[in-house]
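The structure appears below as structure tokens.
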Amino acid sequence: MTHPAAPRTGASTVSVVIPVKDDDRALRRCLDVLAKQTRTADEIIVVDNGSSDASALVARGAGARVVRCDRPGIPAASAAGYDAASGHVILRLDADCVPAPDWIETMTDAFDRHPDVDAFTGHARFVDGPRSLRTALAAAYLGVFGLVMVPTLGHAPLFGSNLGMRASTWRAVRDAVHQDDPDLHDDIDLAFHVGDNGRIRYLPRAGMGISMRPFGDARSFARRIAMGFRTVIVHWPRDFPPKRWARRMRAARRMRAARRIRTVGAERASSQGVGFAQRSG
């Protein structure tokens with residue numbers, strides 16, 4: 001994908017998107033932490049996905065912009081937030097997340113330093129649940145997620161509680177993602193489409209605290225697993241792994257060939273300029 005240039009200062013503007021439904025207490029904590037970042041967001045968009053509690057009031061009280069999304073499900077809510085974002089970079093986390101103090105700065109700087117990358121995803125740690133199990137369970141959860149999704153996608157996945165992408169990247173894929181299916185994992189679906197023609201990279205320095213609540217009971221955990229399988233299968237047969245790998249390998253060869261052509265052209269132009277300067281001298 002190609003992207004419009006950031007401002008001449010080199011600093012991209014950033015929008016933070018938080019989908020929420022009936023989670024006002026966790027949202028208040030999340031917004032408090034975002035307000036104390038080493039680099040604050042240019043805007044924070046809280047997408048109210050039909051809350052019956054004070055989530056919208058909490059968001060407005062913290063200075064966030066509230067966007068209402070009546071379509072059910074996180075895929076629709078996330079998409080509504082991305083559509084509303086005005087920044088060059090869009091960051092996404094959940095209402096019950098606790099970002100590292102430099103999360104926004106780390107993410108935004110990475111996009112400014114790496115114009116060839118379309119999306120970044122960071123690591124996570126649990127901030128609640130049994131203290132003795134937090135580190136091991138987070139490593140196991142994210143490790144299994146990576147072991148399953150990297151071969152499935154042919155590249156790094158996106159983790160919904162800690163991801164960032166360029167606004168131009170979202171505009172390029174927004175009509176392809178499954179916005180109206182509440183039973184899909186929006187981050188996995190987004191990774192399929194961004195990774196088709198773009199680059200996703202893991203950014204370990206972008207830290208995020210996440211809640212263990214979704215794994216609190218067996219039925220909830222089983223539903224998350226079922227949603228994961230469904231999100232993968234809806235992309236078949238086009239994205240059946242061997243077919244997707246082959247398509248990505250062809251695209252990579254085309255990109256390398258295009259880079260070689262550009263490099264040779266630049267070298268020729270440079271040598272011709274030197275020769276002209278020598279003759280003129």
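The values are calculated or read from the model by the stated rules, or taken from the named source; none is laboratory data. The shown structure was predicted, so the numbers you read here are calculated from the model rather than taken from an experiment. Backbone-built Cβ (ideal geometry, glycine too); neighbour counts: all protein chains shown.
Before moving on, here are some points about what is shown:
- Residues within region 207-219 that are in contact with a helix residue (DSSP H, G or I) (Cβ under 8 Å, 6 or more places away or on another chain) and either of a type in the set (Val, Ile, Thr) or surrounded by fewer than 12 Cβ atoms within 10 Å (Cβ to Cβ) (or both), tallied: 1
- Applying the criterion of being among the aliphatic types (A, V, I, L, M) and assigned to a loop (DSSP other than H, G, I, E, B) to the residues of region 144-161, the residue that is farthest from Val14 (Cα to Cα) is Ala156.
- Residues satisfying the stated conditions in region 41-60, i.e. farther than 21 Å from Ala76 by Cβ, surrounded by fewer than 20 Cβ atoms within 10 Å (Cβ to Cβ) and under 18 Å from the mean Cα position of the chain (by Cα): Asp42
- Scan region 53-87 for residues that are of a type outside the set (A, V, I, L, M) and in contact with a helix residue (DSSP H, G or I) (Cβ under 6 Å, 6 or more places away or on another chain) and the total you get is 6.
One line per residue, one yes/no per condition, for (1) over 25 Å from Ser12 (Cα atoms); (2) at pLDDT 95 or above:
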{"residue": "Leu163", "(1), (2)": "no, yes"}
{"residue": "Gln179", "(1), (2)": "yes, yes"}
{"residue": "Asp183", "(1), (2)": "yes, yes"}
{"residue": "Met227", "(1), (2)": "yes, yes"}
{"residue": "Val232", "(1), (2)": "yes, yes"}
{"residue": "Pro241", "(1), (2)": "yes, yes"}
{"residue": "Ala252", "(1), (2)": "yes, no"}
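- Within region 193-206, considering residues that are in a loop (DSSP other than H, G, I, E, B) and of a type in the set (Gly, Ala, Ser), the one surrounded by the fewest Cβ atoms within 10 Å (Cβ to Cβ): Gly198
- Filter pass, Ala79 being of a type in the set (A, V, I, L, M, F, W, C), in contact (Cβ under 8 Å) with a residue 40 or more places away in the chain and over 13 Å from Ser15 (Cβ atoms): yes
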